[in-house]
Amino acid sequence: MRINIVGVLALSVFVGLCAAQCMIHQSQPSTHGHSHHCNLHGVVLSEGESYVNTTTCMKCHCGADHNVYCCAMLFHYMVPDGCVVNVKDCIQEIVYESDGSPCQALAAISRK
C-alpha cells in the first residue's frame, strides 16, 4: 500500500510540473470575423490547428473553446561533465563537447 501512495505522489508532482510549463491565452478578437478561429498576437489559427513558434520554442494549439494553449518544447537537462545541450529548430541534442558524439543526460529537470 505504501508503494502505491508514493507512486501517486510522484505522479501528482510530475503532472503539476508539466501543467506549470503550459499556458492558456485568451484568443484576441479575430480581424477576419470568423468565430471558429483563434488569434494569438496576430497569428490566426483554425480550431484544432497547432503552431510552433521557433523563436521561443513554444507549441500552441487552438482549442474548441477558441483559447490558445501553449507549452514549452525545450527541457532543462542535468548533463555529465563534458556534455552540452545543443538546440536547432527547437530540437535538443545532448552531445559530448569534445567530439559531438551522443551523450546521455543524467536527468530532465524541467521545461524552459
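The values are calculated or read from the model by the stated rules, or taken from the named source; none is laboratory data. All values derive from a computational prediction rather than experimental measurement. Because the Cβ atoms are built from the backbone with ideal geometry, glycine has one as well, and the counts that use them run over all protein chains shown.
All conditions but one from (1) within 29 Å of residue 89 (Cβ to Cβ); (2) modelled with pLDDT under 65 apply to residue 2; the one that does not is (1).
Only residues that are exposed (fewer than 14 other Cβ atoms within 10 Å of the Cβ) and without any contact (Cβ under 8 Å) to a residue 24 or more places away in the chain were counted across the stretch 89-112, and they come to 8. Residues in the stretch 50-74 that are closer than 26 Å to residue 110 by Cα and of a type in the set (D, E, K, R): 59 alone.
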